[in-house]
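Let me begin by presenting the structure, written as structure tokens, before commenting on it.
Nothing in this text is a laboratory measurement; each read-out follows from the coordinates by a stated rule. Bear in mind the structure is a predicted one, so any value in this text is a computation, not a measurement. Because the Cβ atoms are built from the backbone with ideal geometry, glycine has one as well, and the counts that use them run over all protein chains shown.
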Amino acid sequence: MAIVLLLQHRGQVTAAEVARELEISERTARRDLDALGTAGVPVYSVQGRGGGWRLVGGARTDLSGLTAGEARALFLAAGPASSATPALKAALRKLVHALPEPFRAQAEAAASSLVMDPRLWGSSRVEARPPRFLDELQDAAIRGVQVRLGYVDREGTETERTVHPLGIVAKGPSWYLVATTETGRRTFRIDRVSSADPTADPVHRPGDFDLAESWRAIADEVERRRTPLEARAMCTPHGIDVLRIGFGARLEVGGSTADGRIEVVIRGHDEHKLAGELAGLVDYLEVTGPPRVRDHLASIGNALTARYKPGAASSMEEHE
């Protein structure tokens with residue numbers, strides 16, 4: 001795609017120019033140009049001084065009809081830059097070089113204007129239904145223009161303010177706008193937006209702003225408010241990966257102790273529920289506090305011992 005766009009945009013290119021633009025070797029560029037001809041793309045080489053590669057008769061493909069909006073859509077469909085693989089990031093970088101100059105800035109902005117976070121708050125269930133003003137706000141973030149935003153808070157109070165869109169985040173089924181306002185940086189649930197009117201005024205974007213890093217900080221703060229209880233524990237080294245899988249961002253890993261174990265902190269919503277989550281990790285974990293979590297763990301252990309000790313009748317046998 002990138003080579004065809006280069007041919008269409010420039011008329012003629014050399015293997016050296018393709019190599020330089022797409023950050024590949026000249027040998028790879030020649031091989032890829034030959035492969036285009038084999039695949040049926042009407043390209044041919046002109047030998048001698050001033051030679052290069054051209055499309056037969058100035059032939060063009062559907063790629064030549066890309067509008068600015070379609071170029072942005074292509075980069076959005078390829079996936080947000082924050083979660084792209086190294087190979088995809090390289091491909092997007094190469095493709096951007098082949099786009100007409102007026103399209104490049106918005107195409108690059110599209111690749112960095114979206115973060116996908118599929119996990120629900122406190123759940124693994126994923127659903128999706130894009131909210132009403134998603135397209136308008138995403139377009140404003142990409143174009144870098146301010147928006148007059150109508151917003152209804154959780155109490156049902158509607159307000160209006162001018163915001164500077166910095167990016168869009170998908171969190172499970174919910175979509176969020178990250179923006180700066182007169183009172184600082186704010187996050188808005190897009191399904192609570194009642195109106196979105198783009199203005200002609202440019203967004204004031206902090207030079208060091210990174211949407212993925214900003215969202216991680218926001219999500220961590222929300223998780224801390226949702227899980228205010230902290231249990232302290234000592235974990236064996238081979239149990240750390242188990243904890244990471246089970247608790248994710250709720251786990252904080254500290255330093256090693258004299259006996260080789262690792263200090264950890266695990267956050268939860270309440271003592272009883274957190275003790276239930278920790279009870280099955282006795283092979284890896286020794287909970288050191290708080291006392292109420294240890295008490296709940298002891299109660300769970302006593303109940304399990306009473307239920308499953310040798311000779312204990314099952315509930316089915318008791319009813320028969």
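Odds and ends about this structure:
- Packing-based order for 168-177, 194-203, 242-251, using average beta carbon neighbours within 10 Å, highest first: 168-177, 242-251, 194-203
- Structural descriptor for region 227-308: relative contact order 37 percent, calculated from alpha carbon pairs under 8 angstrom and at least 6 residues apart.
- Here region 215-300 is treated with +1 on each Lys and Arg Cβ and -1 on each Asp and Glu Cβ, and its dipole about the Cα centre works out to around 240 debye.
- Estimated distance in nm for a label pair at residue 230 and residue 242, the labels positioned 7 Å out from Cα along Cα-to-Cβ: 2.4
- Cβ-Cβ FRET estimate between residue 34 and residue 208, R0 fixed at 51 Å, reported to 0.05: 0.70
- Backbone N within region 18-35 under 19 Å of label point (7 Å from residue 56 Cα along the Cβ vector): 32-35
- Given charges at Cβ of Lys, Arg, Asp, Glu: region 193-236 dipole, positive-most of 195, 229, 219: 229
- Inter-label distance, nm, simple model (7 Å from Cα along the C-beta direction), residue 186/residue 16: 5.6
- Shape call, region 161-320: gyration tensor on alpha carbons, a/c limit 1.5: prolate
- Each Lys and Arg Cβ is given +1 and each Asp and Glu Cβ -1; about its Cα centre, region 134-223 then shows a dipole of about 40 debye.
- Rough spin-label spacing in nm, given labels placed 7 Å along Cα→Cβ, for residue 252 and residue 286: 2.2
- Contact order relative to length of region 134-223, as percent, for alpha carbon pairs under 8 angstrom and 6 or more apart: 30
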